[in-house]
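Read through the structure below, which is laid out as C-alpha cells, and then see the notes.
The values are calculated or read from the model by the stated rules, or taken from the named source; none is laboratory data. This is a predicted model, so every value here is computed, not measured. Cβ placement follows ideal geometry from the backbone for every residue including glycine, while neighbour counts extend to all protein chains displayed.
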Amino acid sequence: MKLYQGFTLIESLLVLFVITLFVSLPFVMVQGAKENLEVVHFLDHFEKNILLTQQAAITSNKRTKMIQRDTTREYYFYTDTIEKLDMPEDLRASRIKTLYFNSGTGNNSSLQELHFYWDKNKQKITYRFLFARGHYEKKITTIR
C-alpha cells in the first residue's frame, strides 16, 4: 500500500490564513499612523501660516488676516497671496472671528481662543492669541 505525503486541506487553509494575517497587519497599522500624521501635519502648517501671516504684516507694511470659513473646515491666510489650509476629518474646531495682524507691527488686538478637538486621541488643542503681541500660546489638554 502506497502512502501519500502532503498537507490536508485544513492545514493548507490554516497556513494561508496566517500568511494573510501577517501581510494585512501592516496595512491596518499604517492607516492609523496616517490619520495621526494628517492631524500633526495640519497643526504644524497652521502654526507656520500664523507666523508667516504675522511676519508678512511686519515686512510688507500691510494688514494681513486669517479667516475661518463658515464650515470651520477651511482656513485662509491672506498675505500677498492666499494660502488655504483644509482641516482633517479627525479634528473639530471652535468658531472664531477674523484675526487681523496690523501693518508694520504684526500685532493683533484680539484675545481670541481657537480650540481644536482631537477625539481619537482625547485631546483639546488651544491656541490663545495674546493681546498686542501677534503671538499665541499653544496648550494641549486631555479630554475625559
From the set of residues in the range 73-87 that are in a strand (DSSP E or B) and among the acidic types (Asp, Glu), which is surrounded by the most Cβ atoms within 10 Å (Cβ to Cβ)?
Glu83
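Table: residues versus (1) at pLDDT 85 or above; (2) farther than 12 Å from Gln54 by Cβ; (3) touching a Phe, Trp or Tyr at 6+ places or on another chain (Cβ under 7 Å).
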residue	(1), (2), (3)
Asn102	yes, no, no
Thr105	no, no, no
Tyr117	yes, yes, no
Asn121	yes, yes, no
Phe129	no, no, yes
His135	no, no, no
Lys139	yes, yes, no
Arg144	no, yes, no
For Gln31, the lone unmet condition from (1) exposed (fewer than 11 other Cβ atoms within 10 Å of the Cβ); (2) touching a residue at least 24 places away in the same chain (Cβ under 8 Å); (3) not aromatic (Phe, Trp, Tyr) is (2)
Return a yes/no flag: does the range 69-91 have any residue that is under 23 Å from Lys139 (Cβ atoms), of a type in the set (A, V, I, L, M) and touching a Lys or Arg at 6+ places or on another chain (Cβ under 7 Å).
yes
Considering only residues that are within 20 Å of the chain's Cα centre (by Cα) and part of a loop (DSSP other than H, G, I, E, B), look in the range 62-72 and name the one that is nearest to Val39 (Cα to Cα).
Thr72
Take the range 99-131 and flag every residue that is over 28 Å from Lys62 (Cβ atoms) and in a loop (DSSP other than H, G, I, E, B).
Asp119, Lys120, Asn121, Lys122
Within the range 3-32, of all residues that are at pLDDT below 85 and small (Gly, Ala, Ser), the one nearest to Tyr75 (Cα to Cα) is Gly32
Is the range 1-20 home to any residue that is in a loop (DSSP other than H, G, I, E, B), loosely packed, with under 10 Cβ neighbours inside 10 Å and of a type in the set (Lys, Arg)?
yes
Residues of the range 88-98 being under 24 Å from Ala56 (Cβ atoms) and surrounded by 14 or more Cβ atoms within 10 Å (Cβ to Cβ), which ones?
Ala93, Ile96
Looking at the range 34-45, can you tell me whether even one residue there is out of contact with any strand residue (DSSP E or B) (no Cβ under 9 Å at 6 or more places or on another chain), within 17 Å of Leu99 (Cα to Cα) and assigned to a helix (DSSP H, G or I)?
no
